[in-house]
């Protein structure tokens, strides 16, 4: 009796395959073939429905689907797939607990959690559909794409399988080695190892504390090169471990904003900022047209890009430095020396008597720092200076001096002493001839700039909030 039942079921299944093939041929689509352990035919809402149970196999062309149960809607040429659904097309595998297959479109859909594996990437999401003719996946909600080098997460992602191309949007995050990129949307080309990111971008390096914001980013992983050409902002936190408090503390922050920024993450570890460059680090700030930051060399450089361009300007507390080129040498992320060359000038403004500005000019000026504090400066080549004298803190005239070389010493951010070397000359002007006439004691080319960058001009509250939200809690490292 059992053998007769099996033969009957197989015969019905065979007739069902013939029926489906005939219907598909009449509609111009590839025939869909379904087999299983049990077949039940019925009518639902005036539609012919066929249900296949147990070890179900659905085939259409080069697409094969396995599942526990399938319900076929003949008129629409669709099938509902239930239980342990596995879809195959050449090297592609799609898995889901439950889904649908649309024969006319040659498309599979699931909103019960879906996983795609094509031997190159693994793609998962809460909801997704795959177009077998186009070799295209459209996944939504809690999307994750894994490959051997990176992990990409988003709320929406379109994956072009044969092009190895992914288009992601909504809360996009891509993690690769030490770098993490956040963006509103991106295009990722897997073969070229290239990503194009758009809007609300943050590129973070977990190793060196570097964060770069922007509105358009091109990241070339194979070349270790990134370009941000819309609203770039670099923030690097310098941190140290506080043993007494058993915590990580920030001891300094470098902030750079410009029109364009390039990051070379190769052996040079170089960052190049161009166009309206603004820099702030502790008591230092700068405004210039181009800045090169060599992290490995611990060197920041800026220079005048043309004769008509504005001269690079650097501020430290109440001091202003200008020159055709400025080099800042760091050690352990702390400023050790600043070298200003060609048309170099240092202006030191008195905090109490702001109209009284000590001025020093020469072919070059070298400033020396200790614990980030200016302690002395050497001026070489036609050195000229005006420096004001004080007696118990009260004004006491001014000295004009010149020499081949000049050395200045600072205390409490003010000039405390000046020494002249090589053909020294000086002249003293008593206080009676100086008071109220400070603007007459000006060196040639002296200009006090008032557009010193401030932090609120560089970083927005939105960017600060995003940094705080995405920065991992620091842990003790040994």
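Would you confirm whether or not region 129-143 contains a residue that is over 23 Å from the mean Cα position of the chain (by Cα), touching a residue at least 60 places away in the same chain (Cβ under 8 Å), surrounded by fewer than 18 Cβ atoms within 10 Å (Cβ to Cβ) and not assigned by TED's automatic domain parsing to the domain that holds residue 74?
No.
Pick out the one residue from 94, 65, 86 that is more than 37 Å from the chain's Cα centre (by Cα), surrounded by 19 or more Cβ atoms within 10 Å (Cβ to Cβ) and modelled with pLDDT of 95 or more.
Just one listed residue meets the conditions, 65.
Quick check: is even one residue across region 308-318 within 20 Å of residue 211 (Cβ to Cβ) and in contact with a strand residue (DSSP E or B) (Cβ under 6 Å, 6 or more places away or on another chain)? Steps first, answer last, please.
Quick first cut of region 308-318, residues within 20 Å of residue 211 (Cβ to Cβ) only: none.
No: region 308-318 contains no residue that is within 20 Å of residue 211 (Cβ to Cβ) and in contact with a strand residue (DSSP E or B) (Cβ under 6 Å, 6 or more places away or on another chain).
Quick check, is residue 384 over 21 Å from residue 448 (Cα atoms) and surrounded by fewer than 22 Cβ atoms within 10 Å (Cβ to Cβ)?
No.
Please give the number of the condition residue 412 fails out of (1) in contact with a helix residue (DSSP H, G or I) (Cβ under 8 Å, 6 or more places away or on another chain); (2) on the phi > 0 side of the Ramachandran plot.
(1)
Name the single residue, out of those in region 181-205 being in contact (Cβ under 8 Å) with a residue 40 or more places away in the chain and under 12 Å from the mean Cα position of the chain (by Cα), that is surrounded by the most Cβ atoms within 10 Å (Cβ to Cβ).
Ranking the qualifying residues of region 181-205, first place goes to 203.
When you look at residue 120, is it more than 14 Å from the chain's Cα centre (by Cα), surrounded by fewer than 21 Cβ atoms within 10 Å (Cβ to Cβ) and more than 27 Å from residue 271 (Cβ to Cβ), yes or no? First the steps, then the outcome.
Values: more than 14 Å from the chain's Cα centre (by Cα): yes; surrounded by fewer than 21 Cβ atoms within 10 Å (Cβ to Cβ): yes; more than 27 Å from residue 271 (Cβ to Cβ): yes.
Spelling it out, residue 120 is indeed more than 14 Å from the chain's Cα centre (by Cα), surrounded by fewer than 21 Cβ atoms within 10 Å (Cβ to Cβ) and more than 27 Å from residue 271 (Cβ to Cβ).
Looking at region 96-145, which of its residues are part of a loop (DSSP other than H, G, I, E, B) and under 16 Å from residue 162 (Cβ atoms)?
Our first condition is that a residue be part of a loop (DSSP other than H, G, I, E, B); within region 96-145, this holds for 103-106, 111-113, 118-121, 126, 132-135.
Hits for region 96-145 are 106, 118, 119, 120, 121, 132, 133, 134, 135.
The values are calculated or read from the model by the stated rules, or taken from the named source; none is laboratory data. Since we're looking at a predicted model, the values are computed, not measured. Don't worry about glycine lacking a Cβ; one is built from the backbone with ideal geometry, like all the others, and counts go over all protein chains shown.
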